[in-house]
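Quick notes on the structure that follows.
What follows is calculated from the coordinates using simple rules that are stated; it is not laboratory data. Since this is a predicted model, take the numbers as computed values, not measurements. Every residue, glycine among them, receives a Cβ derived from its backbone with ideal geometry; neighbour counts consider all protein chains shown.
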């Protein structure tokens, strides 16, 4: 199962400067584990010690914030696009 | 990636609060700012174009050498400075000649009629509805961000905007001769769209809400070498709001107010006003005193108010549905800091319905002659609620921040302001109309043929 993950600039040092990574996983949690296998070290930046996504990081599945879905248990399907976006100030 | 400035820098991996100047040696500007520091974990970075911590994604904040500022500033020097935010340049993160478009030093109006109506004794309106050049507080933050953008070598500037920021970025970029491309939600009020287009930037009207515009811009910022005022320039940009604190203190005769009420969108303005007060205390320009900070949100977009009321330490995002589009940020980046500040200072965070927002706009207009936009209507409505709930002491010196102009959001009040009385150019026609006007509610005029 292929999931496209969009990587923000501060994390691209773990992806050899690539802004897009393909990985697998049927939930966000599984996707993060898969990402960690191909890009070692990235999970510790995305998640805290308990595996919870850091509070200033927003994760979207096909443009929907996962906090409106099932959070880290949100299920993923083949071809889904996940974007990881740091919080932005207002406008 | 094309033309990307190298914005990535190595963090001080072990956040060591004792070593506050990692950027020493790279400090090649003439300002008093020293570096960026993560508000969450304390990691430190050079003062480049970056906005989040590489270690924990916390927001980065500009740090200063306050001893140097204290040596350089005085009330007299500030008073003799430009009649704009740049009289406080010592406190702002720029090192070059600033882009000065006359932003700031807006009136602090003693609002006696509104105060009487609400039962307060000492109420002031900080009126950024007349801030220059684009009639909102955004001109403050953009003046700072674009000055810094120029210093960092950007030639194209951009923003994700609910309207006011796009107006301001486009106007000040035009003045500074910078290329400009702005992103707005496609459903913005027409006044805000026209008020951007006129400066001839490239305008992207995104089919989505502000949070989706933000997300897109974060992705664009990743791959284009542009200075996004509220993304990669955010640490500098947000510092501009401190001037709303500085000016109020100076205009009150170098004193701090007892209580402030300000609108909450991302939460940045609210926290920076307070930071401004703290910096004046730290540099000896005002006497220390507690200032209660209360915030206003629309009920249709209330993630910060909800976190405050439920005593949570995280913000659950919402999908906005309110006429107050300029503060309709469902996923506010500085929301949690706004909650902490309201709690810590003994302030409150309250909400207003769309109906109350319109009433707030009318109340301010009718009592003080200020036509504000929906964000200001929200703030006035919340002020009224806080007074009614006994949460603002009538004897306190209270300052309300009005941050935008009503001429930009005419749709919000169009059907609530009545119509003119149309008459013939004859005295008897006027007299008949005048008699009717004395007896009819203004909203009934439109149904009456005089």
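Rounded, prolate or oblate: which fits chain A, taking a ≥ b ≥ c as square roots of the Cα gyration tensor eigenvalues, rounded meaning a/c under 1.5, else prolate when a/b beats b/c? Mind showing how you got there, number by number?
Values: a/c = 1.25, a/b = 1.03, b/c = 1.22.
It comes out rounded by the Cα gyration axes.
Multiply the residue gap between residue B:366 and residue B:391 by 0.36 nm, knock off their C-alpha separation, and tell me the result in nm, one decimal place.
6.6 nm
So what's the back-of-envelope 222 nm ellipticity for chain B, counting only DSSP H runs of four-plus at -39500 (n - 2.57) apiece and dividing by all residues, rounded to 500? Show your work: numbers first, answer last.
Numbers: 15 runs with 160 residues, N = 450.
Rounded to the nearest 500, it is -10500 deg cm²/dmol.
Mind ranking A:34-42, B:246-254 by how tightly packed they are, going by the mean number of other C-beta atoms within 10 angstrom, highest first?
Sorting A:34-42, B:246-254 by mean packing, highest first, produces B:246-254, A:34-42.
Using the alpha-carbon atoms, what tilt in degrees (0 to 90, nearest 10) does helix B:242-251 show relative to the longest principal axis of chain B?
So the inclination is approximately 60 degrees.
Which of B:394, B:320, B:420 moves most in a GNM of chain B, Cα contacts under 10 Å?
Highest fluctuation of the listed residues: B:420.
In percent, how large is the relative contact order of chain B, given Cα pairs closer than 8 Å and 6 or more residues apart?
Numbers: 971 pairs, mean separation 64.7, N = 450.
Relative contact order of chain B: 14 percent.
In degrees, nearest 10, range 0 to 90: what is the angle between the Cα axis of helix B:268-282 and the longest Cα principal axis of chain B?
Here the helix axis deviates by roughly 60 degrees.
Pull up the DSSP beta bridges for the protein assembly as shown and report the antiparallel fraction as a percent, rounded to 5.
Details: 27 of 61 bridges.
Within the protein assembly as shown, antiparallel bridges account for around 45 percent of the total.
Whole Å is fine, so just give me how far the alpha carbon centre of the stretch B:153-213 lies from that of the stretch A:1-29.
30
For each of B:345, B:379, B:322, count neighbouring Cβ atoms within 10 Å of the residue's Cβ, then give the residues from fewest to most.
Numbers: B:345 17, B:379 30, B:322 20.
Result, fewest neighbours first: B:345, B:322, B:379.
In peptide A:66-74, what is the residue-averaged number of other protein chain Cβ atoms found within 10 Å of each Cβ?
Details: counts 0, 6, 5, 0, 0, 0, 0, 0, 0.
Whole-number average of other-chain Cβ neighbours for A:66-74 is 1.
Roughly how many whole Å is it from the C-alpha centroid of the stretch B:370-446 to that of the stretch B:44-118?
After rounding, the separation between the Cα centres reads 33 Å.
Please compute, for peptide B:212-223, the average count of beta-carbon atoms on other protein chains lying within 10 Å of each residue's beta-carbon. Walk me through the numbers before you get to the answer.
Details: counts 4, 2, 7, 8, 3, 3, 10, 6, 0, 5, 9, 2.
The per-residue average across the peptide is 5.
Calculate for chain A the 222 nm mean residue ellipticity that helices alone would give, adding -39,500 (n - 2.57) per DSSP H run of length 4 or more and normalising by residue count, nearest 500 deg cm²/dmol.
On the way: 2 runs with 16 residues, N = 91.
Rounded to the nearest 500, the figure is -4500 deg cm²/dmol.
Would you list B:256, A:69 from fewest to most Cβ contacts within 10 Å? Let's see the in-between values first.
Details: B:256 22, A:69 16.
Listing B:256, A:69 from fewest to most nearby Cβ atoms yields A:69, B:256.
Report the FRET efficiency, 1/(1 + (r/R0)^6), for residue A:20 and residue B:121, where r is their Cβ-Cβ distance and R0 is 60 Å, rounded to 0.05.
Numbers: r = 60 Å, r/R0 = 1.00.
Once rounded, the FRET efficiency stands at 0.50.
Residue B:415 versus residue B:113, label points 7 Å from Cα toward the beta carbon: distance in nm?
Reported label-point gap for residue B:415 and residue B:113 is 2.8 nm.
Residue B:289 to residue B:96: FRET efficiency via 1/(1 + (r/R0)^6), r the Cβ-Cβ distance, R0 41 Å, to the nearest 0.05? Please report the intermediate quantities before stating the final value.
Details: r = 35 Å, r/R0 = 0.85.
FRET efficiency, residue B:289 to residue B:96: 0.75.
What do you get for the angle between helix B:427-439 and the principal long axis of chain B? Use alpha-carbon atoms, 0 to 90 degrees, nearest ten.
70
Mind checking which of B:266, B:136, B:218 has the largest fluctuation in a GNM of chain B, springs on alpha carbons under 10 Å?
Of the options given, B:218 has the highest mean-square fluctuation.
Within the stretch A:3-86, what percent of beta bridges assigned by DSSP are antiparallel, to the nearest 5? Mind showing how you got there, number by number?
Values: 13 of 16 bridges.
In the stretch A:3-86, DSSP labels about 80 percent of beta bridges as antiparallel.
If neighbour count is taken as other Cβ atoms inside 10 Å, put B:430, B:277, B:33 in order from fewest to most. Mind showing how you got there, number by number?
Numbers: B:430 14, B:277 26, B:33 23.
Starting with the residue having the fewest Cβ neighbours, the order is B:430, B:33, B:277.
Give me the distance in nm between label points sitting 7 Å out from Cα along the Cα-to-Cβ direction at residue B:71 and residue B:198, one decimal.
In this crude label model, residue B:71 to residue B:198 measures out at 4.6 nm.
On full extension of the chain, what length is gained from residue B:190 through residue B:424, given 0.36 nm per residue of separation minus the C-alpha to C-alpha distance? Each step should come with its number before you reach the end.
Details: separation 234, 0.36 × 234 = 84.24 nm, distance 3.27 nm.
81.0 nm is the gain from fully extending residue B:190 to residue B:424.
Suppose a student asked you for the relative contact order of the stretch B:306-450, using Cα pairs under 8 Å spaced at least 6 residues apart; what percent would you report? Don't skip to the end; give the middle numbers.
Numbers: 158 pairs, mean separation 24.1, N = 145.
The normalised contact order for the stretch B:306-450 reaches 17 percent.
For chain B, what is the percent of antiparallel DSSP beta bridges, rounded to the nearest 5?
Numbers: 14 of 45 bridges.
Around 30 percent of the beta bridges assigned by DSSP in chain B are antiparallel ones.
Using a Gaussian network for chain B with springs between C-alpha atoms less than 10 Å apart, which of these wobbles most: B:300, B:104, B:335?
Highest fluctuation among the options: B:300.
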